[in-house]
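A short worksheet on the structure shown next.
What follows is calculated from the coordinates using simple rules that are stated; it is not laboratory data. Computed from a predicted model, the values in this text were never measured in an experiment. Cβ atoms come from the backbone with ideal geometry, glycine included; neighbour counts cover every protein chain shown.
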Amino acid sequence: MRSRGAGFEPALSPCVGLNFRMTDVSALPPPSETRFGALRRWWGGYGLAQALGLAILAAATALVSFNIVASMRRIGMAPNLAYLSEPASFDISESLIAYRAGDPYGRAILVGVLNTLKLAIAGCALATVLGLALGLLRVAGNNLLSRLVGAYVEIIRNTPLTLQLFFWIASTHALPSVRQAFNPAPFTYLSVRGVYLPWVTVESGEIWPLMAFLAALAAGVRVVRWRLKRPLPGWFWLLGATLAVGAAVFWIVWHDVRLSPDLPRLQGFNIVGGIGLTPEFAAMLAGLAFYYAASVAEIVRAGLQSVSKGQWEAGRAIGLGHLRILQLVVVPQAMRVITPLITSIYLDLTKDTTLGVLIGYTELTAVIKTSANNTGNAVETLLVLVVVFLAISLPVSAAINSYNRLLARRGFVSS
């Protein structure tokens, strides 16, 4: 039996010897579809005109590039990247890797890239957590909280980010000296030298392979759940938890991994221990996180309010509590609105890390600026800056867009 929109194909069932499963034949490619036909459909109509336009554009780009290079060589500016191996004559105050004046410019640029990534990742994480909390408070039904969050969002979003960064750097410089450092929480200190927080150190062994394995295990579980397109049984979660705990215990015992808390404390005229955030990094992190948290809060509010009230009523009708309705019914549908918008927030925050040059935070732009002034290779250094930011932004955009397409294809998000 076959109809125009759908067809039946036999499938074995454990309960019945033979049954029929409905399949959508309209989504299947036609039998006569060829590889060239698929390419023609992807390319679109007017293929010859499009190919000619692309060829003209490529020729014009090549001609302009050739003229620019020829003009630079005529005035003694030979564009090349040889300066990356030359020694840099400047120091960098904040670095995740070992660096000192005299190291190559390439290593200095790598330090700037790592500082940019550190700020971007921490800023995106903090802005997401804070924005999610504010967005939930905005729609919690409490008029006072909703109005307070609304006032925060309006004030932050209507104030220039540069002005806010100046406010935060001025605030960090106005903190007291180390001896009179603020102690807002146990083992937490705020002073003019920066912010000091508790940390955990690895006294012996390596913990990174274990963390990589656990991350791969979590990703594998996510893929299996996506492939099955249905909730996983309890024994599967128990097996995964047992495997994760067993692997962690085995790695820690076998490789003699010892962890110890590293707590900051006052010692003389300094603060030792813990993890320290420089005033410049703390100001940039606070400025970016609080600024973009306002936008994340509005995105979360819009996503939650896009789900009709009937969904809440349906969840209550089957006996679900408020939090379970939010988790299982509302948030999965709201994510289809939230995900595309949150992509722009992450990309904008990453690009705005370049404002660190205004308050003294040594990120990639500051290193590029100093390198261009010292070497005179302004074009090459700016080209490196563009390539690095494209290498950061494009994979992030592609990953989130892939996730968004998955949501659109499935119509929901698995919890």
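Taking a sphere under 11 Å around the Cβ of Val330 and counting the other residues whose Cβ falls inside, with K and R at +1 and D and E at -1, yields a net charge of +2.
Each of the peptides 355-363, 341-349, 181-189 was scored by the mean count of other Cβ atoms within 10 Å over its residues; in descending order, highest first, they stand as 355-363, 341-349, 181-189. Between Ser344 and Leu383, residue separation times 0.36 nm minus the direct Cα-Cα distance comes to 11.7 nm. Listed by chain and number, the aspartates and glutamates whose alpha-carbon sits under 14 Å from that of Lys369, ignoring those within fewer than 8 places in the same chain, are Asp91, Glu380. The chymotrypsin sites (Phe, Trp or Tyr not before Pro) of segment 225-314 that DSSP puts in a loop, and whose beta carbon has at most 13 other beta carbons within 10 Å, are Phe269.
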